[in-house]
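Here you go, one structure.
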Amino acid sequence: MKKKKLVLITMYKSTKEKYLKDLYYFFDDYLDIEGYSISEGINDVIKGDLALIISAILPNLAKEYLSHDIEIVYMNRTFTKDSVRQLYDLPFGMKAMLSSNTSSSSISCISSLYGIGIKHLHLIPVYPGIEIMPDTKIAITPAQRKYVPKFVDNIIDIGWRVIDVSTLMDITTKLGIMSKDLEEKIIKYSKNIIPQSDGLDFTINNTSIIKNEMDTLLNVIDDGVIVTDMDYKIIHYNKAIGRILNFNESYIYNLVDLNEVFPSKVLMGIMEKKSIDNKLIKSLKSNKSFVVTKRIINVYDNMYGYVIIIKDITEFENLERKLRKQLVKQGYIAKYKFENIIGKSEKMIDTIKKAKKIACIDATTLITGESGTGKELFAQSIHNASKRKNNPFVAINCASLPSELLESELFGYDEGAFTGAKKGGKKGLFQLAHSGTIFLDEIGDMPIKVQVKLLRVLQEKEVMSIGSNSIVPIDVRVIAATNQNLKDLMHVGKFRKDLYYRLNVLNLYIPPLRERKGDIPYLAKNILQNINMNNKKIDNILMKFFENYSWEGNVRELKNCIEYMAYMGADVLTAKDLPKDMDYSKQDEYDFIEEEIFPELLPKEKELTVFILKLLKKRSGGRRFIYNQAYLNEIETTEHEIRKLMNYLTKKGFITIKTKRQGSILTDKGKKALYNI
């Protein structure tokens, strides 16, 4: 797809080069970007999708060079937090020059500083050609030191102004290029700058508000501002109100009372307190959320009215970042992503591909697979690839806690709910996971009593703490995992049928290690890297053994085995370094191959026969047990077919059938055969 074109127009070459560099940082992957300066001359008509003009004095000059159909946006500029921090420490009323290359640049810079709350200084514009020089030897300059008068003793360089977040958002919105990566980049950037609207909070908290100053200040602020008297009659507002609240110009012009802006329920919440900090409200009309701040206008201890600041939800990012830090501190965060999953086999590639699709669908998910296959690794990766990635990931093992304790952990409790209940009560994991994901590991071991409560949470999307009568609505994605056959548990009454179908909206099966032997060399290398044992090598015979071993504990067992060998063995790891409980025999001791053992069987029958032998090597079992394991491993078969193949294996001497309770076991001939299959 052809990229859209953004055009930057400045007065001077140095300004063009500075801001082109910033725009490339944000938009180079998304837009074609060109820059022009009036001072260098422009020879042709400039075409594009959007023109970004750096100064309010340029439009008339720039328009003669622009095609008539190009949309124009004016750049709002601000400062980084580090650059102006030193200004807050200067004494109130101190006189200082603001030195820059032109009068318009000096005045614009002063306006920007006032806009972010630097109103305690008496700033005087100074520029080349000024007729009367101010009587101060202190100068503040935005990276324009060469224009500071030579007699100045104290120069405070606050650096170039930077592009305000509001302008970056204007560009992404108008050109329709917002993406996850770009959003994250802008969020990271905004952490280090002072948005223009933040200065109003500073001004309201620390200075008297004078109407003629407000006229200048309010319309350079990107957030909505309304000034009222003590009866909430509107006496002033800025243009941003219309854009944020979707009001047309004529409606704004006729605004008289605050009840024309907010619904009555929301207005009551605003009026009941004299001061409000970052109150979140939602508009049902526009389906948008806003953050409202309210301050008293207090001049010499006399209250004259209120200032109400309405921020778009995009400005809510600061609070979201604080929450993210808090989640990291508490441990409610997913560490792993899909790129952390080691697997190049066809089965693993298909599994990861399916998991990525599941991540994009905000629905309950059931992950199945044997113990040690990495079900939580996949759960965390799904969360981190979903729209909930910036919110909590809370995990709990349902088999690790008794019924009563599991219930209180999941759903929380009120003070006095039971003996030993914590004073003040405790929030449950579902509440802590609000807006994020909860991972319920080993869901098959959840007691029936707790299953009933979980079913209600999934159905109603609300939770009630133990000992409480109040219901708390929650927005949580549930990912459950099990190494058991939940359908078998349903048949014996250990798992609720209705809960199973609530959980199994999306399902993901993780193949065992023995079904993806090609991944073992990559996993082994990764395990050695993770324990800083890159110098250790695995000889070919040992690797062949690894690839033919059954690995009942899957990746977890492989990890424990390699770590033991790395710590205890030599630089080249051989079969002699294996843990004593691992049965090792050399490959060439056996002269069986699959084709010689099962010449009468069809390919599909051979595959199922090998599966039966590998299963019986791990433990004895009957026809029903083998059928259930085949189902878990997504092998299509019937009990009749399994009975036929077990009779075949018995006649060939690969297995022997014991009593009904003991089931069938592998013979020595069967064990030997497996090493060459």
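Failed condition for Asp89, given (1) within 31 Å of the chain's Cα centre (by Cα); (2) assigned by TED's automatic domain parsing to the domain that holds Ile156; (3) of a type outside the set (Val, Ile, Thr), with all others met?
That leaves (1) as the condition not met.
While we're looking at this one, here's another question. Here are some residues: Ile138, Ile234, Ile158, Ile209. Which one is at pLDDT 85 or above, surrounded by 14 or more Cβ atoms within 10 Å (Cβ to Cβ) and either in contact with a helix residue (DSSP H, G or I) (Cβ under 7 Å, 6 or more places away or on another chain) or within 21 Å of Lys294 (Cβ to Cβ) (or both)?
Ile158
Residue-by-condition table, conditions (1) at pLDDT below 80; (2) in contact with a Cys (Cβ under 8 Å, 6 or more places away or on another chain); (3) among the aliphatic types (A, V, I, L, M); (4) part of a helix (DSSP H, G or I):
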| position | (1), (2), (3), (4) |
| --- | --- |
| Gly129 | no, no, no, no |
| Pro134 | no, no, no, no |
| Ala143 | no, no, yes, no |
| Ile171 | no, no, yes, yes |
| Lys185 | no, no, no, yes |
| Leu217 | yes, no, yes, yes |
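Give me the residue from segment 275-296 that is at pLDDT 80 or above and either of a type outside the set (Ser, Thr, Tyr) or in contact with a helix residue (DSSP H, G or I) (Cβ under 6 Å, 6 or more places away or on another chain) (or both) and, out of that set, surrounded by the fewest Cβ atoms within 10 Å (Cβ to Cβ). Break it down into steps so the answer makes sense when it comes.
Here is the first cut: in segment 275-296, the ones at pLDDT 80 or above are 275-276, 292-296.
Cutting the leftovers down to either of a type outside the set (Ser, Thr, Tyr) or in contact with a helix residue (DSSP H, G or I) (Cβ under 6 Å, 6 or more places away or on another chain) (or both) gives us 276, 292, 294-296.
Working: Ile276: 18, Val292: 20, Lys294: 19, Arg295: 20, Ile296: 14.
Taking the candidates together, the pick is Ile296.
With respect to Val450, determine if the residue is hydrophobic (A, V, I, L, M, F, W, C), assigned to a helix (DSSP H, G or I) and modelled with pLDDT of 90 or more.
On the way: hydrophobic (A, V, I, L, M, F, W, C): yes; assigned to a helix (DSSP H, G or I): yes; modelled with pLDDT of 90 or more: yes.
Yes; evaluated as a whole, the condition is true for this residue.
Write out, first by first residue and then by second, each pair whose Cβ atoms fall under 7 Å of each other, whose residues are 6+ apart or on separate chains, and whose first residue, in segment 395-408, is outside the structural domain of Gly425 (by TED's automatic domain parsing) while the second is β-branched (Val, Ile, Thr).
Partner pairs satisfying both residue conditions: none exist.
Check Lys375, Lys353, Lys357, Lys347 and return the single one that is of a type in the set (Lys, Arg) and surrounded by 18 or more Cβ atoms within 10 Å (Cβ to Cβ).
Exactly one of Lys375, Lys353, Lys357, Lys347 is of a type in the set (Lys, Arg) and surrounded by 18 or more Cβ atoms within 10 Å (Cβ to Cβ), namely Lys375.
A further question on this structure: If you scan segment 61-116, which residues turn out to be surrounded by 15 or more Cβ atoms within 10 Å (Cβ to Cβ), over 23 Å from Thr167 (Cβ atoms) and not small (Gly, Ala, Ser)?
Hits for segment 61-116 are Leu90, Met97.
Let me ask something else about it. Mind checking whether some residue in segment 594-605 is modelled with pLDDT of 85 or more, crowded, with 19+ Cβ neighbours inside 10 Å and part of a helix (DSSP H, G or I)?
no
Return yes or no: is Ser403 at pLDDT below 90, under 19 Å from Leu486 (Cβ atoms) and over 25 Å from the mean Cα position of the chain (by Cα)?
yes
Then there's this: Of the numbered conditions (1) touching a Pro at 6+ places or on another chain (Cβ under 7 Å); (2) within 30 Å of Lys544 (Cα to Cα), Ala433 fails exactly one; give the number of that condition.
(2)
Same structure again: Need a quick list: strands (runs of 3 or more DSSP E) entirely within segment 1-94 having at least 1 residues that are among the basic types (Lys, Arg) and more than 30 Å from Leu121 (Cβ to Cβ).
4-10
Considering only residues that are among the hydrophobic types (A, V, I, L, M, F, W, C) and in a helix (DSSP H, G or I), look in segment 510-529 and name the one that is nearest to Leu455 (Cα to Cα).
Looking at residues that are among the hydrophobic types (A, V, I, L, M, F, W, C) and in a helix (DSSP H, G or I), I get Leu513.
If you don't mind, another one. What residue, among those in segment 360-392 that are part of a loop (DSSP other than H, G, I, E, B) and touching a Gly at 6+ places or on another chain (Cβ under 7 Å), is farthest from Arg514 (Cα to Cα)?
In this case the residue turns out to be Asn391.
Filter segment 538-567 for residues that are among the hydrophobic types (A, V, I, L, M, F, W, C) and in a helix (DSSP H, G or I) and give the result.
Hits for segment 538-567 are Ile541, Leu542, Met543, Phe545, Phe546, Val555, Leu558, Cys561, Ile562, Met565, Ala566.
Quick check on my filter: what residues within segment 468-509 are part of a loop (DSSP other than H, G, I, E, B), touching a Phe, Trp or Tyr at 6+ places or on another chain (Cβ under 7 Å) and closer than 24 Å to Gln629 by Cβ?
Across segment 468-509, the qualifying residue is only Asn485.
If you don't mind, there's one more thing I want to ask. Select from segment 92-116 the residues that are among the β-branched types (Val, Ile, Thr) and over 43 Å from the mean Cα position of the chain (by Cα) and list them in ascending order. I'd like the intermediate steps shown before the answer.
Step one: list which residues in segment 92-116 are among the β-branched types (Val, Ile, Thr), which gives 102, 107, 110, 116.
Matches in segment 92-116: Thr102 only.
Something else about it: Determine if segment 530-537 includes at least one residue that is under 33 Å from the mean Cα position of the chain (by Cα), farther than 27 Å from Cys360 by Cβ, not small (Gly, Ala, Ser) and not in a loop (DSSP other than H, G, I, E, B).
yes
Looking at this structure, is Ala395 in a loop (DSSP other than H, G, I, E, B), small (Gly, Ala, Ser) and surrounded by fewer than 22 Cβ atoms within 10 Å (Cβ to Cβ)?
The answer is no for Ala395.
The values are calculated or read from the model by the stated rules, or taken from the named source; none is laboratory data. Being a predicted model, the structure only gives us computed values, none of them experimental. Glycine also receives a Cβ, built like all others from the backbone with ideal geometry; neighbour counts cover every protein chain displayed.
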